[in-house]
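Below is one structure, written out as structure tokens, with a few remarks after it.
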Amino acid sequence: MSFVSDDRIKLIKGDITKVKVDAIVNAANSSLLGGGGVDGAIHRAGGPEILEECRKIRSKQGGCKTGEAVITTAGKLQARYVIHTVGPVWNGGRSNEEYLLRSCYRKSLELAVKNDVKSIAFPNISTGVYRFPKELAAKIAIDEVSNFLKENNSIEQVIFVCFDNENYEIYSKLLK
Ligand code: AR6
């Protein structure tokens, strides 16, 4: 993995629901019906419109698989879209977790490009209830986003939004 960063990548500490970007990414679960953590915060702040669209997607395609992503309105949030991606539950590292986490970042960025998103904010997917080791998750996130940006010129800004101190310190170290 190379950690060469790109000047389109930014790091902030705080609440992703407050970030001014075209799209924010949600660390959802396969049901798409909401939950705790960042998922709960996004649905609370964005209002019921987000869940309504999630339900429609669910009835069409039966939710969202681990490593995949879907897009909805952002409801009352400042962002235009919420991209819901489902991170892997950490299971010791032998259940394809690294590949699946990488896929979350890549699929979210692909969906962003398709929807003409220029700026996008990511939370630290899988590093909460899903227990993915934070340092490894950060390396994967930065590596996958940097690789994507090398091949893509339409995304102008990618913001990593760290909510907890530990993630913020890890990202600060890796991005400096
Ligand atoms: N803004 C940005 N980041 C946040 C916020 C926020 N408002 N709140 C928490 N985080 P988690 P997961 C960070 O547990 O591990 C849900 O119930 C938090 O510090 O939200 O992918 C879903 O429905 C952590 O670093 O997501 C799923 O069932 C990161 O968000 C399950 O949790 C991810 O923690 C997904 O688990």
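Observations
- Beta bridges by DSSP in the chain, antiparallel share as percent, to the nearest 5: 25 percent
- Dipole axis of the chain (+1 Lys, Arg; -1 Asp, Glu on Cβ), positive-most option in Gly67, Ala45, Asn152: Ala45
- Net lengthening on full extension, Lys76/Arg44 (0.36 nm per residue, minus Cα-Cα): 10.5 nm
- Under-5 Å amide H pairs with Ile159, H placed in peptide plane, nonlocal only: Lys10, Ile120, Ala121, Phe122
- Dipole magnitude of region 132-176, debye to nearest 20 (Cβ charges: Lys/Arg +1, Asp/Glu -1, about Cα centre): 120 debye
- P(r) weight above 20 Å for the chain, C-alpha pairs, percent: 47 percent
- Karplus-derived 3J(HN,Hα) values for region 15-28, using 6.51 cos²θ - 1.76 cosθ + 1.60 with θ = phi - 60°, are 9, 5, 5, 9, 7, 8, 8, 5, 9, 10, 9, 10, 8, 8 Hz; glycine and proline are entered as x.
- In straight-distance terms, cross-link reach from Lys20 covers every one of the lysines whose alpha-carbon lies under 19 Å from its own, apart from those fewer than eight places away in the same chain; here that gives Lys10, Lys76, Lys118.
- Amide H contacts of Gly128 (H built 1.01 Å from N, in plane; Pro and chain starts excluded): no residue 5 or more places away or on another chain comes under 5 Å.
- Placed amide H near Gly34: partners under 5 Å, 5+ positions off or other chain: Asn29
- Förster radius 25 Å - calculated FRET efficiency between Lys60 and Asp6, Cβ distance, rounded to 0.05: 0.10
- Of the residues Gln78, Ala137, Leu175, the one whose Cα sits farthest towards the positive end of the charge dipole of region 9-175 is Gln78 (charges of +1 on Lys and Arg Cβ, -1 on Asp and Glu Cβ, taken about the Cα centre).
- C-alpha center-to-center spacing [region 85-109, region 119-153] in angstrom: 10 Å
- Estimated distance in nm for a label pair at Asp164 and Val129, the labels positioned 7 Å out from Cα along Cα-to-Cβ: 1.4 nm
- Selected from Pro88, Gly34, Leu100, residue furthest toward positive end of dipole (region 9-175; charges at beta carbon): Gly34
- What region 1-148 shows is 46 Å² of accessible area per residue, with the surface traced by a 1.4 Å probe over protein heavy atoms.
- Counting only protein heavy atoms and a probe of 1.4 Å, the accessible surface of region 9-175 is 47% carbon and sulfur.
- The distance between label points at Asn96 and Lys13 comes to 3.7 nm (points 7 Å beyond Cα on the Cα→Cβ vector).
The values are calculated or read from the model by the stated rules, or taken from the named source; none is laboratory data. These numbers were taken from a predicted model, which means no experiment stands behind them. Quick reminder, even Gly has a Cβ in these numbers, built from the backbone with ideal geometry, and neighbours come from all protein chains shown. Just so you know, the surface numbers come from the protein's heavy atoms only, side chains and all, with ligands and any DNA or RNA stripped out. Shrake-Rupley method; radii C 1.70, N 1.55, O 1.52, S 1.80 Å.
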